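The values are calculated or read from the model by the stated rules, or taken from the named source; none is laboratory data. These figures come from a predicted structure and were not determined experimentally. Virtual Cβ from ideal backbone geometry, glycine too; neighbours counted across all protein chains shown.
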Amino acid sequence: MNKNKLKLWLCLSLIGLLGVVSLLLSDLPLPDKEAVAQLKDIDPLILKFMLLVNPFMIVTAAAFLGSLVYDKVGLRVPLFERMLKIREDVVYSYRSVFVWGVTGGVIAGLLIVVVNSIFTPLLPSEYLNLPQSGEFSMITKLLYGGLVEEIMMRFGLMSLLVWLLSKAMKGVNGWMFWVANIVSALLFGLGHFPALLTFIPDPTIWLYIYILLANSVAGIVFGYMYMKWGLECAMCAHLMAHVVMYIML
């Protein structure tokens, strides 16, 4: 890893750390009762910090992988590249990143609202009546969702998938970005199934479809923002989507 990539990795890791630490502002779900019994002598604040280790390691690894390959397939982190003096030919402006990010965020937020409206009548009451313990605070949703998840899913996973496809096909083609975008979004949605099964042992097919769509449809929009205007635009869109959902749901 050269000096420029090292700077970008460290910068994005610090940003990821900010998002991970924001989890402390939320009511984090604790381990099962047996694990809690074994940890009863540990200070609750220390226990919360222990729960942050895994997400920080993952976002750091994603930032590392993304830093290695993102520019090899033409993806960009334009504002950070300019700020860190990695590239001198950056043509994106703060205004364009913000405008397109807000636009994409509104679209993504509305898509989630539509999915929620369509599927709510089809969802089992046991899911709709789940207690809200462990619910993230708005600050956590903005910082963890907008920063950490974008570094993980777009900069890390999506960049890596495009690079692997380009190696397999011996060249970069536009369809590769869409395949990587859709796959990374769907994997994020599928990643919510284990948590679902913890609360609902026997989910209906509609609940599976809802969880998959609700957690992946916006990711495709964020991936498009990343393809067209860079990682910062995807982050801005993710932040704005949470604002839209907060207002409308």
### Subset of the range 174-196 [over 10 Å from Ser216 (Cα atoms), modelled with pLDDT of 95 or more and of a type in the set (A, V, I, L, M)]
Met176, Val179, Ala180
### Task
Could you check, for the range 201-212, whether at least one of its residues is within 24 Å of Ser96 (Cα to Cα) and either under 12 Å from the mean Cα position of the chain (by Cα) or surrounded by 14 or more Cβ atoms within 10 Å (Cβ to Cβ) (or both)?
no
### Query
Identify, please: which residue in the range 114-148 is part of a helix (DSSP H, G or I) and without any contact (Cβ under 8 Å) to a residue 24 or more places away in the chain and is, among those, farthest from Leu207 (Cα to Cα)?
Val114
### Query
Which one of Ile209, Ile151, Ile200 is touching a residue at least 24 places away in the same chain (Cβ under 8 Å) and within 23 Å of Asp71 (Cβ to Cβ)?
Ile151
### Query
Identify, please: which residue in the range 137-180 is among the hydroxyl-bearing types (Ser, Thr, Tyr) and under 23 Å from Ile15 (Cα atoms) and is, among those, surrounded by the most Cβ atoms within 10 Å (Cβ to Cβ)?
Ser159
#### Entry: Residue within the range 163-174 that is among the polar types (S, T, N, Q), in contact with a Leu (Cβ under 6 Å, 6 or more places away or on another chain) and part of a helix (DSSP H, G or I) present
no
### Query
Do we have any residue at all in the range 92-99 that's over 30 Å from Trp229 (Cα atoms) and in a helix (DSSP H, G or I)?
no
### Message
List the residue pairs whose Cβ atoms are under 9 Å apart, where the first residue sits in the range 83-103 and is surrounded by fewer than 16 Cβ atoms within 10 Å (Cβ to Cβ), the second is among the aromatic types (Phe, Trp, Tyr), and the two are 6 or more positions apart or on different chains.
### Response
Ser96/Trp229
### Query
Under 8 Å by Cβ, and 6 or more places apart or on different chains, what pairs join a residue from the range 49-77 that is touching a residue at least 60 places away in the same chain (Cβ under 8 Å) with one that is of a type in the set (Lys, Arg) and crowded, with 19+ Cβ neighbours inside 10 Å?
Tyr70/Arg76
### Task
Look at Phe222 and say whether it is at pLDDT 95 or above, in contact with an Asp or Glu (Cβ under 8 Å, 6 or more places away or on another chain) and surrounded by fewer than 22 Cβ atoms within 10 Å (Cβ to Cβ).
no
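So that you can scan it fast, the table gives a plain yes or no per residue for (1) at pLDDT below 90; (2) closer than 19 Å to His238 by Cβ:
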| site | (1), (2) |
| --- | --- |
| Asn4 | no, no |
| Val20 | no, yes |
| Leu23 | no, yes |
| Pro31 | yes, no |
| Val36 | yes, no |
| Pro44 | yes, no |
| Leu47 | yes, no |
| Ile58 | no, yes |
| Ala62 | no, yes |
### Query
For residues in the range 156-170 being touching a residue at least 40 places away in the same chain (Cβ under 8 Å) and among the hydrophobic types (A, V, I, L, M, F, W, C), which is nearest to Asn181 (Cα to Cα)?
Met158
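Out of all the residues in the range 96-135, which are hydroxyl-bearing (Ser, Thr, Tyr), farther than 23 Å from Phe222 by Cβ and in contact with a helix residue (DSSP H, G or I) (Cβ under 8 Å, 6 or more places away or on another chain)?
Thr120, Tyr127
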### Task
Please verify whether the range 197-216 includes one or more residues that are modelled with pLDDT of 95 or more, under 28 Å from Leu8 (Cα atoms) and not in a helix (DSSP H, G or I).
no
### Message
Please go through the range 182-219 and give me each residue that is in contact with an Asp or Glu (Cβ under 9 Å, 6 or more places away or on another chain) and under 16 Å from Gly156 (Cα atoms), ordered by number.
### Response
Phe188, Gly219
